[in-house]
Structures are given as structure tokens and as C-alpha cells.
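Let me begin by presenting the structure, written as C-alpha cells, before commenting on it.
A short reminder: the numbers here are calculations on the coordinates, not readings from a lab. Just so it is clear, the structure is predicted and the values come from calculations on it, not from any experiment. Please note: Cβ atoms are built from the backbone with ideal geometry, for glycine as well, and neighbour counts cover all protein chains shown.
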Amino acid sequence: MVPQDLRYTKEHEWVRIEGDIATVGITAYAAEQLGDIVFVELPEIGRTVAQFAAVGVIESVKAVSDLFAPVGGDVVESNAELSSAPELLNSDPFGKGWMLRIKVTDAAQFGGLLDPAAYEALTAEG
Amino acid sequence: MAYGSHTTEDRARMLRTIGVGSVDDLFADIPASLRSSGLDLPAPESEAELSTRLLRLAERNRVDLISFLGAGAYRHFTPPVVDQLLLRGEFYTAYTPYQPEISQGTLQTIYEYQSLMAELTGLDVVSASHYDGATATAEAALMTCRATRRERVLVSAGVHPHYRETLRTYFGGTSLVADEIPLVTDGPAAGTTDMIALERMFADPELPVAGVVVANPSFLGLLEPMAEIGRLAHGAGALFVSVVEPVSLAVLATPGEYGADIAAGDGQPLGIPLAYGGPYLGILACREALVRGIPGRLVGMTADVDGRRAFVMTLRAREQDIRREKASSNICTNQALCALAASIYLAALGPHGLRDVAALGAARAAELETALAAAGAPRLHSGPYLNEFAVRVPNAKAIHSRLIGRGILAGLLLARVLPDDPSLADSLLVCATEVTTPEDIGVFGAALGEELIGAAGRAGAGRVRAGRGRAAGRQHGSGPSDVAGPGSTAQPGGAAR
């Protein structure tokens, strides 16, 4: 079961909404599919990102995938710990493996995200 | 894998199997107007006929000339061990298998290539490998844009013109910009990258600079103030790309030492024969911080489950077969055979041997400078050089061509590749390496001296005919003493005076 207090995307990102700040990471399902994550590239602080734009790169021993911004806005923080410990994405994807915080420009975009039940249904389809 | 062409019977059987009447029917979907109307090719020739014809064509190449041509590709002595080892069938492909770890030997040779180049450049990471110096330089420029997320690269006019052209081609169709840093036009620093212009170019706040690309030695053979250029680049938040000639690194400061972030260059001087069109070898190296952005493949060394040394293909996840249109480059192969040649060459010579090669080339070049100056062709610039330099030769084009007639390739006519630089109009770029002999230098100096006096004589005669004898006479008055080269006293040009 995925955390019930989060929102999700079809690209397997999770979003925690606190005011106009969205904390973003990838789901346990995504991390498991990628395998051992060895490198994470995150956008610099202050960069303005559009919703669904590729903003970062996640590299595992198997593949390199893009990280998409679930919502548009300004990047206000990124998880610096991931540069030396990318494995946090595998060990604690919903906690210490958080990736970035975005100050959201249009809160209406939250409405388009998946709720936990919808996301679980998506991953159940495989 | 057996290879045999399909027989008529094979083709008929295949067509029957898929239920098609003829090969032409396979193309029925393509409108006739779009189909090729047949190729206008000459009739087939037998292997013997073709061999003879190609041999005749090859014989038109002048390989008998005493050569002083460098300009990016250099003659060196290659120990026979290099070619002998390259003949081994296991090495005779640029490709690694799709499960590369099955070829431990291939991976080991690539790993050793990377290690040798890392030592030579003083940088942490070397990718294996690129097509040639030009494409490696272009990839380096692209790396700076990706790493800084900026879109403007400054390229010194002292970088090989072909490399600059390739870089522009790589930038074509993108939003990236490549601006040229001019060269100093006069004074002691003439011919080197113009630092004042460079500083000015950094000033544009609208277009922050991703990278600065400078060659050392430059295309004109000159040594550039690399450390200073690096400081300027870093001060502006840009990366610094050094374009290198690998043999020179045995005696010059390495990119690692003077603070370059990326080094690119052509590996041809390392045991790879001169060939028009290659194959050559592109060297690309960088600091560890840029490892995720370097295109090409990296082979790593690790231990297998039993703790034995093992080589693995690592960090190629950014390439086309995985990243498709987001790949960091379009390089999906590498110049494995040429990289291997470079590795064997370096291993055979060792660090001391390579230093000898570079030092001997520099010593021969100094002798060449003296001989050419004595013949009436002084250096064009005054800054330090290693083994290649430009000389001023009146009427360079005609002299160059006449010297070929005398069995001497007098370097490169600079106006041919850099026609827009008036300061290079009458000049030749000449080079010496360890295979340049003092005898060759003597022959060149003597012939050039004779030609220059001859040319002066012919020009003088022409002017007399044109009724400007006095002007021509004055020119002669200062001429002969300047061109008192070897053998300059008794030759036809002199008699014409």
C-alpha cells in the first residue's frame, strides 16, 4: 500500500502538498523497477520548471530515466544528500529519498494528480 | 559466420515462402516515380583489373616527398610491434559484443587505453573513444553546454580550422552558439589567443559562456597561456576545454596541470599511420565531476563474485541505444583498433621514450627554424613553439609548388586553409618530428634559398620587362644579402640578375 497522504503521477512520482510547496520523489514501485540507483541529477535551485517537463535524471545500473515535474513552479530545494547517497531512493523512497521541492505557480495542477487508490490501480495493472 | 551471396534458387525459394511473385513486387508500394532509375555505373571489372586500376590511382599519391607537413597529422616512427599486434584477429573489430563482459580481453585493452590517456592528459576520466580530434573537440564543446546549461561556447581561432568547422556542424540546427576568439595580430604574443578580446567576450550578460576551447600548441604551432585562459574561463563560470596533441604532453604541462576541465585531441601521432580521411582516433578526457556527461563508453575494473579482477562496460547508460533522442552523443561505437594502436605505441615507448620523441621533434624544429631563416624565410611569430611554426615566404604559393617539383613538401600553405587571415597570406606552416633528419632539413633549406633567389630574379626580370627597372633594382639591392642560404651563390635565379 502506498502512503495515503500523497498524490501520484503516471510517471511514478509522488507529491506531498504543503501549502504551495510540493515535495517530489519517486515511488517505491519506480525504485524497484529501476533497480539499484547509482546517480541522481537534480535541477538547480531557482530554476522554473513547467509541469511534466523533464527536470532531472535518475540512473540505475539498468537504465537512465527522466524525472518529470508533477507540477510547474520554481525549484526551491533539492535533496543534496542524494548526490553522495543515491541509494536512498531505493531504501527510503517516500522519506529520505525525496528529490526536490517546487513552489507551485498554479495550485489547480494538484487536482490533476492521482490519488493513492488511482495510483495503486495503475501499478496493479503492471 | 559463413558468408555467401544468395543464388537465384535461394531468392525464388524465399519469394515462394512469403508468397510474392518477384523481388520487384516487394517494392510495389513505392510509386515508380520515386524509385531509382538505375545507377549509372561502369561495367564490372575482374579483381585483377580492379586491383591494377586502384594501384595506378594509388601511385598518383606522392609518397616520395621529403615532408615538413604537420597541421594536425604527424609523421612518427612506429615500432613494428604496434602493427604486428594489431594483426591479431581478436582485435580486428571496433565493436564490443552486446554482452561486452564476455570479451574480457577487449575490455582490458580499452581500460588500458583509458588509463594511459588519463596519465598523459592529467585528467581523471577518459572515454573510449572518438572518431578523430575534430569530433572529440565538438563533443567537448557540447559537454560544456550540458554541464553549465549555457548555450555559448568561445572557440579560439587558434584551434584547427577543420575542428572549428566540425564544431559548427555539431552546433548546427541547435540553439547553441560558437563564437570565435580572435588571435593577437602583432607584438610578441602575435598568433596566440587574444586575451583582451576573450575578456570582452565574457562580458555579455545575455549570453553567459558555457566553455572556452583553446588548442595548445595552437594550429599555428604556438604555445598558448593555458593557465591564464583557464582562470578567465573559470572566473566567468565557464568550463575550459584544451585541444591537445598527445605527443606534446610528454614535455608540455598537461591539461590537468593547468586546470582544464576537458581535453580533446587526435591520437593519430601515437602509432597511427597517416591516411587521408583516417581512421584516426579522438581522445576525450575530463575531470571526475563531469563523468556523467562524457559521451562514449567507459570501461571499469572491478572484482567478480570470486574476487578476481574483472573488466566491465560501465557508464554507457547515457548513450543512444538506451537514451534515444536524449543521449549525450550519437557515438555508439569506438575507434577500438586505433585506440589499441595508441596503447601499444605508448606502452612500447614508455614515458621516457615518449619524452624523447617530443624533445627530439622540438630540437629538429629548432634546426629547421635556423635553416629556413638562413634561406630567407623567417618565422612569422615570435612566441614559443614546440615542433611546428609558421614562416613568411614571399610568393608562398608558387614556391610551395616549385618545391614539390623538387621532391619537398614544404609544409602547409596557410592561405589554403585560412584564406581570411591576411597576416597568413604568404606563409607556410612547417613541422619537424623525430623522423625529420638533419639532411632533410639541409635539403629543404638549400632548395628554399635557391627558389627564393630565383623568384626574386624572375620577379626582377618581369619588372624590367614592365619598364620598372629602378624599383626592381632597389629590391635586389636588399635581397641577396637577406637570402644568403646554402647554395645561394651559383644558381639560375642569380644569373638572371
Taking every DSSP bridge whose two residues both lie in the protein assembly as shown, the antiparallel percent to the nearest 5 is 70 percent
The local net charge around B:LEU54, scoring Lys/Arg +1 and Asp/Glu -1 for residues other than B:LEU54 whose Cβ lies under 14 Å from its Cβ, equals -1
Taking only the alpha carbons of region A:7-107, the radius of gyration and the largest Cα-Cα distance, Dmax, both in angstrom, are 12.2, 36
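Chymotrypsin sites (Phe, Trp or Tyr not before Pro) within region A:16-73: which are DSSP loop residues with at most 16 other Cβ atoms inside 10 Å? Write out the running numbers ahead of the final one.
Numbers: sites: A:TYR29, A:PHE39, A:PHE52, A:PHE68; in loops: A:PHE52.
Sites meeting the loop and neighbour criteria: A:PHE52.
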Given unit charges at Cβ for Lys, Arg (+) and Asp, Glu (-), the dipole magnitude of region B:80-347 about its Cα centre in debye, nearest 20, is 680 debye
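Calculated from DSSP H runs of 4 or more alone, at -39500 (n - 2.57) each and per residue, what is the 222 nm mean residue ellipticity of the protein assembly as shown, nearest 500? Intermediate results must be reported in sequence, preceding the final value.
Values: 19 runs with 224 residues, N = 623.
It lands at -11000 deg cm²/dmol.
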Within region B:80-347, the percent of DSSP beta bridges that are antiparallel, given to the nearest 5, stands at 45 percent
Rounded to the nearest 5, the percent of antiparallel DSSP beta bridges in chain B equals 55 percent
For the protein assembly as shown, the Kirkwood Rh over every pair of distinct alpha carbons, in Å, works out to 28.7 Å
For region B:80-347 the translational diffusion coefficient, Stokes-Einstein from a Kirkwood Rh over Cα pairs at 20 °C and viscosity 1.002 mPa s, in µm²/s, is roughly 114 µm²/s
In degrees rounded to 10, the 0-90 angle between helix B:47-59 Cα long axis and the longest Cα principal axis of chain B is 30 degrees
extent check for chain B: Cα max minus min per principal axis, descending, whole Å, gives 90, 62, 49
Cβ density ranking, 10 Å radius, fewest first, applied to B:MET301, B:MET143 yields B:MET301, B:MET143
Once normalised by the length of region B:80-347, the mean sequence separation of its alpha carbon contacts under 8 Å that are 6 or more apart gives a contact order in percent of 28 percent
Cross-link reach from A:LYS96 to lysines, straight Cα distance under 29 Å and at least 8 residues apart if same chain, gives A:LYS10, A:LYS62, B:LYS326
Simple spin-label estimate for A:ILE45/B:MET14, 7 Å along Cα→Cβ, in nm, reads 6.3 nm
With label points set 7 Å from each Cα along the Cα-to-Cβ direction at A:GLN4 and B:ARG53, the distance between them in nm comes to 8.3 nm
For the pair B:GLU367 and B:GLU119, the simple spin-label estimate (label points 7 Å beyond Cα toward Cβ) gives in nm 3.0 nm
Tilt, helix B:133-148 to longest principal axis of chain B (alpha-carbon atoms), in degrees rounded to tens, equals 70 degrees
